[in-house]
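The values are calculated or read from the model by the stated rules, or taken from the named source; none is laboratory data. What you are looking at is a predicted structure, and each value in this text was computed from that prediction instead of being measured. Backbone-built Cβ (ideal geometry, glycine too); neighbour counts: all protein chains shown.
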Amino acid sequence: MENINFPPQEILNPRELNRKNYEHIILWMLYNNDICEWSYFINKPIEMSEATLSRHLGSLKKKGFLKKISRGNYRITSEGKKRYHELSKHKGKDRKLSYPPDIILKSGRNYDHWILWMAYNNRFCKRSDFIEEPLSINQNSLSKNLNLLITKGFLQKEDNKYRITRSGKIGYSKMLYSYDLDRQTILEEESRRIDEITKKTTQFFDEYNITDEDIKFSYLNKILKLDYSKVSMILKSEEDFHKILLYISINHPNFYPNYISLENFSRLYKIEKKILDFWIDEIVGGKLYEVKFFKLEVPPNMYYYFEYNEKLEKILRAITVDFITRNKFLQKFGRSESTEILIDNILNEITEILFNRDLKESLRKFLPEYINHLAYKIETKRRLIDTYDKLEGIIWQNMANVFYSKSSEVQESQYEEEIKKIERSITLNPKSYKLYNSKIKVLLYFNQYNEVLITLDNMLELFPKKEIELLMKKASILKIQKDVKAGLKIIEGLIKNYPDKNELQNYKAYWLRYLGRKEDAIKIVQVLIKNDPENAIYHDTYGEILLYFDEFEEAAKKFLKAILLGKDNRLIYQTYIKLGTCYMALENYDLAEKNLVAGKNLIHENVKEPETKQNWLTIADLLLSEIMEYAVEL
């Protein structure tokens with residue numbers, strides 16, 4: 001029963017009339033624990049009879065205050081949380097704190113996340129709440145993270161009590177998506193914040209007679225993402241801020257041909273035109289918030305706005321990417337369409353199902369810019385969530401020695417023809433390891449991963465002395481297919497057969513990292529370092545594990561050690577770039593730039609293989625360009 005939060009004595013054994021409020025006890029338990037089992041209520045310290053428990057659980061379930069998620073397991077609903085807050089008002093002075101779930105506590109020392117969770121889920125927090133168990137944050141780290149969150153405007157401190165701000169609630173909502181929480185939990189947490197805003201928006205809609213449900217939804221979606229406190233020091237009127245968001249919400253492509261000009265909106269909603277004009281440019285131009293807007297100009301002087309990642313943009317992106325991908329694929333077979341034809345094809349589809357046909361010419365001017373925006377996404381595969389992900393694909397490829405050679409011959413050849421050509425050569429020379437490797441390269445290029453696995457199994461029979469290399473390639477392919485556990489089993493089998501091969505232990509540390517088993521991965525690499533303290537590769541691996549779990553300061557120390565020990569290491573350029581990545585995450589852009597440039601120089605000096613060289617140069621240039629963007633913003 002450890003790590004279970006139980007109500008204070010004033011709730012379990014109230015003095016007043018000596019009567020227990022079982023509804024409050026049950027909701028308290030459900031609110032302050034992720035899931036509650038039947039046994040929690042019938043055992044000490046609650047000791048509720050089974051009949052009483054059954055009756056109250058049934059009543060609470062009927063009222064929609066809880067839900068049964070499996071046999072004997074219950075979870076509170078958003079309505080139940082509201083009822084809990086009603087029952088908890090004026091219930092004494094003792095505090096019983098809610099603590100973050102294990103999935104957050106065990107995902108690394110993300111102290112800012114722990115603090116944000118505590119501030120959101122408790123009325124207030126004292127400094128001692130973070131120092132004492134179960135959090136046990138040390139004084140230095142606590143001071144640093146509290147100051148950081150206060151500087152960001154996420155927390156405020158009054159009378160030595162820390163409370164979450166409106167900006168903090170938005171940050172909390174974004175933080176939830178960093179963890180593998182179930183969707184319902186996230187939605188319920190979000191609903192609490194929506195409830196707080198709903199009262200204000202309802203009054204706003206009533207005052208300005210906003211009745212269109214689509215406009216209401218568009219407005220509410222924006223006000224949940226764009227926090228007034230970020231601009232409150234300059235824009236003194238919160239009501240003006242709401243009017244600015246309303247203007248952007250009304251002028252959406254979905255509502256075309258309806259439109260309201262700046263002049264008419266200014267007059268109708270009593271807001272100065274220059275204020276409206278200035279703040280629309282600030283918000284839509286991406287100068288203040290992370291939310292990205294697209295602006296569609298419709299002659300002679302109408303402007304419509306829509307957000308990145310909203311429904312309309314998602315469909316537009318899917319259609320656009322589909323046509324671009326199709327065109328790229330056709331290029332492999334010597335056929336492709338001109339840019340003009342490509343845009344015409346996209347326009348025909350999106351004006352059929354997505355935009356009003358009258359917007360076709362406006363969209364024709366808009367699409368090239370939009371495609372340029374997507375080009376970065378397509379080129380780098382996806383918009384990566386954090387800095388480390390930009391390195392992930394390249395790092396593991398180099399580590400496992402899986403080669404993705406995309407020669408010009410392969411790019412210009414059809415898959416079947418290329419495979420048949422290689423297989424004919426293998427028939428004539430069945431003992432050629434090089435020919436089999438060429439076959440794997442072609443299969444990899446066309447994403448034929450199952451065929452790669454079959455080919456590797458055949459190679460294991462033909463080339464048993466290459467067992468380690470071939471099985472490591474097989475483990476890497478399984479990782480691509482998201483079967484990391486199967487890859488780990490292969491590595492563990494190799495370790496059993498080759499106990500003296502320390503590089504296999506190093507590989508195992510990587511695979512444990514992929515599975516989120518941080519402590520196990522660290523234990524392995526610590527043993528490797530203890531046995532061979534001068535080996536730069538092990539310090540580099542240690543750094544990568546810490547980097548994977550966003551422990552940037554500690555990772556930087558390991559990479560510095562690897563650089564100090566491995567000046568003659570031919571892969572040291574990678575360590576410099578990973579160190580630069582850490583400094584970027586820590587917002588030390590001078591050191592980030594210094595190490596990224598050092599890494600680039602070493603790539604030019606030491607890397608001969610064209611694709612590896614291009615991959616790492618692309619990563620370095622990508623990160624350096626981001627530093628330039630930050631410099632412009634500052």
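Here are a few things to note about the model shown:
- Residue among Thr165, Thr151 that alone is within 29 Å of Glu587 (Cα to Cα), in contact with a Ser or Thr (Cβ under 9 Å, 6 or more places away or on another chain), of a type outside the set (Phe, Trp, Tyr) and at pLDDT 80 or above: Thr165
- Test for Ile137: is it in contact (Cβ under 8 Å) with a residue 12 or more places away in the chain, β-branched (Val, Ile, Thr), part of a helix (DSSP H, G or I) and under 30 Å from Arg513 (Cα atoms): no
- If you filter the range 304-318 down to residues that are buried (at least 16 other Cβ atoms within 10 Å of the Cβ) and more than 23 Å from Phe205 (Cβ to Cβ), you find that the one that is modelled with the lowest pLDDT is Arg317.
- Scanning the range 262-284 for residues that are among the charged types (D, E, K, R) and under 22 Å from Glu207 (Cβ atoms) yields Glu263, Arg267, Lys270, Glu272, Lys273.
- Qualifying positions in the range 99-113 - small (Gly, Ala, Ser) and surrounded by 16 or more Cβ atoms within 10 Å (Cβ to Cβ): Ser107
- Filtering Leu478, Leu462, Leu488 for residues that are among the aliphatic types (A, V, I, L, M), more than 30 Å from Asn145 (Cα to Cα) and over 28 Å from the mean Cα position of the chain (by Cα) leaves a single hit, Leu462.
- Condition met for Gly80 (small (Gly, Ala, Ser), part of a helix (DSSP H, G or I) and within 25 Å of Trp117 (Cβ to Cβ)): yes
- Restricting Leu246, Leu235, Leu288 to those that are over 30 Å from Ile343 (Cα atoms), surrounded by 19 or more Cβ atoms within 10 Å (Cβ to Cβ), of a type in the set (A, V, I, L, M) and outside the structural domain of Glu352 (by TED's automatic domain parsing) reduces the list to Leu246.
- Counting only residues that are exposed (fewer than 15 other Cβ atoms within 10 Å of the Cβ) and not acidic (Asp, Glu), the range 46-66 holds 10 of them.
- Here Arg570 passes the criteria (1) over 16 Å from Ile524 (Cα atoms); (2) outside any loop (DSSP other than H, G, I, E, B); (3) not polar (S, T, N, Q) except the one numbered (2).
- Qualifying residue in the range 589-610 (condition: of a type in the set (Gly, Ala, Ser), under 17 Å from Asn506 (Cα atoms) and in contact with a Ser or Thr (Cβ under 8 Å, 6 or more places away or on another chain)): no
- Enumeration of residues in the range 504-532 that are in a loop (DSSP other than H, G, I, E, B) and under 25 Å from the mean Cα position of the chain (by Cα): Leu515, Gly516, Arg517
- Counted residues, the range 437-456 - those being closer than 21 Å to Trp511 by Cα and without any contact (Cβ under 8 Å) to a residue 24 or more places away in the chain: 2
- Top-ranked residue of the range 219-257 - restricted to ones that are within 31 Å of the chain's Cα centre (by Cα) and acidic (Asp, Glu), ranked as nearest to Gln203 (Cα to Cα): Glu238
- Identity of the residue in the range 419-436, surrounded by 13 or more Cβ atoms within 10 Å (Cβ to Cβ) and in contact (Cβ under 8 Å) with a residue 24 or more places away in the chain, that ends up nearest to Gln448 (Cα to Cα): Ile419
- For the range 564-608, the candidate set comprises residues that are β-branched (Val, Ile, Thr) and touching a Leu at 6+ places or on another chain (Cβ under 7 Å); within that set, the residue that is surrounded by the fewest Cβ atoms within 10 Å (Cβ to Cβ) is Ile572.
- Residue match in the range 402-418 (condition: crowded, with 16+ Cβ neighbours inside 10 Å, at pLDDT 55 or above, touching a helix residue (DSSP H, G or I) at 6+ places or on another chain (Cβ under 6 Å) and part of a helix (DSSP H, G or I)): yes
- Residue count for the range 7-44, restricted to those that are in a helix (DSSP H, G or I) and either among the aromatic types (Phe, Trp, Tyr) or modelled with pLDDT under 85 (or both): 14
- Index of the failed condition, Ile545 passing every other in (1) loosely packed, with under 15 Cβ neighbours inside 10 Å; (2) in contact (Cβ under 8 Å) with a residue 12 or more places away in the chain; (3) assigned to a helix (DSSP H, G or I): (1)
- Breaking point among (1) closer than 26 Å to Leu226 by Cα; (2) not in a helix (DSSP H, G or I), for Asp112: (2)
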